[in-house]
Amino acid sequence: MRKQDLIRLVTCAALAAVPMMIPAIAAGQATVPPAAAPAPPPPQMPPSLVPAHVVDLMTVEGSAVFSAQWKTMEAKIIEGPAIANAMPGYKTSYDIQPHAGEPGYDDSSWPIIGAKGLADRRGGGKVSFIWYRANLTIPAKIGDFDTSGATVVLTAYVDDYAEVWVNGQMPRRAGYPSPATIQGFNMPNRVVLADAVKPGDRFQIAIFGVNGPISVAPMNFVWFREAKIEFFR
């Protein structure tokens with residue numbers, strides 16, 4: 001075979017292979033889909049026993065036990081496009097801003113309120129939403145009470161509804177009682193923070209208060225009836 005014929009044969013073979021290589025190259029360059037959001041932690045029912053120790057977070061002294069500094073911000077309803085596969089005629093979706101329960105949320109610009117300020121009536125009334133945030137650090141002792149190994153429960157009793165986020169997650173599971181989600185009209189949310197706490201454990205708490213019932217648009221505001229930490233042995 002002449003040299004020119006050999007060159008033509010190799011060139012044809014290379015050109016024939018190109019279409020088969022393109023899908024493989026495209027697959028290698030395809031955008032990797034974003035990782036799915038982590039599943040929320042399963043809900044845990046709080047003890048019904050008498051607590052061994054209780055701290056009132058709505059007092060200056062009580063919040064100071066956990067070095068808690070409370071911050072608050074109104075949440076607002078915003079419009080957006082309808083989500084994929086919405087039925088014809090539905091062009092708009094609605095969301096709330098900010099999403100202050102999510103991990104890594106920056107609340108550094110939020111106004112600080114005192115512990116007693118949790119009882120203040122906030123919002124403009126009717127359909128309104130208020131965020132409350134604080135970091136709680138477990139001390140080794142509270143007076144003579146040793147916290148080590150205790151089960152710790154947060155009670156957030158908001159007028160009228162509340163959702164409770166702990167360390168960037170709202171514990172919940174469809175079809176099961178989930179104490180961090182809305183419990184009912186003017187009912188407390190009792191959320192287990194830890195089964196066996198250690199001194200120095202830190203919990204980032206974000207509480208979403210809702211004025212309701214939403215379909216009634218009440219002529220009142222959002223406020224805490226009770227906020228406390230219970231320790232159980």
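Per-structure values
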{"read-out": "For residue 90: the one exception among (1) under 23 Å from the mean Cα position of the chain (by Cα); (2) in a loop (DSSP other than H, G, I, E, B); (3) among the aromatic types (Phe, Trp, Tyr)", "value": "(1)"}
{"read-out": "Test: residue in the range 163-179 that is more than 22 Å from residue 232 (Cα to Cα), crowded, with 21+ Cβ neighbours inside 10 Å and at pLDDT 95 or above", "value": "yes"}
{"read-out": "Strands (runs of 3 or more DSSP E) contained entirely in the range 142-197, each with at least 1 residues that are aromatic (Phe, Trp, Tyr) and within 17 Å of the chain's Cα centre (by Cα)", "value": "161-166"}
{"read-out": "Near pairs, Cβ below 6 angstrom, 6+ apart or cross-chain, from the range 155-168 (on the phi > 0 side of the Ramachandran plot) to any residue that is modelled with pLDDT of 95 or more and part of a strand (DSSP E or B)", "value": "167/204"}
{"read-out": "Scope the range 198-233; condition within 21 Å of the chain's Cα centre (by Cα), under 30 Å from residue 141 (Cβ atoms) and surrounded by 12 or more Cβ atoms within 10 Å (Cβ to Cβ); matching residues", "value": "201, 203, 204, 205, 206, 207, 224, 226, 227, 228, 229"}
{"read-out": "Test: residue in the range 99-113 that is over 30 Å from residue 82 (Cβ atoms), buried (at least 18 other Cβ atoms within 10 Å of the Cβ) and touching a residue at least 40 places away in the same chain (Cβ under 8 Å)", "value": "no"}
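The values are calculated or read from the model by the stated rules, or taken from the named source; none is laboratory data. This one's a predicted model, so the numbers in the text were calculated from it and none came from an experiment. Here Cβ is always computed from backbone atoms with ideal geometry, including for glycine, and neighbour counts include all displayed protein chains.
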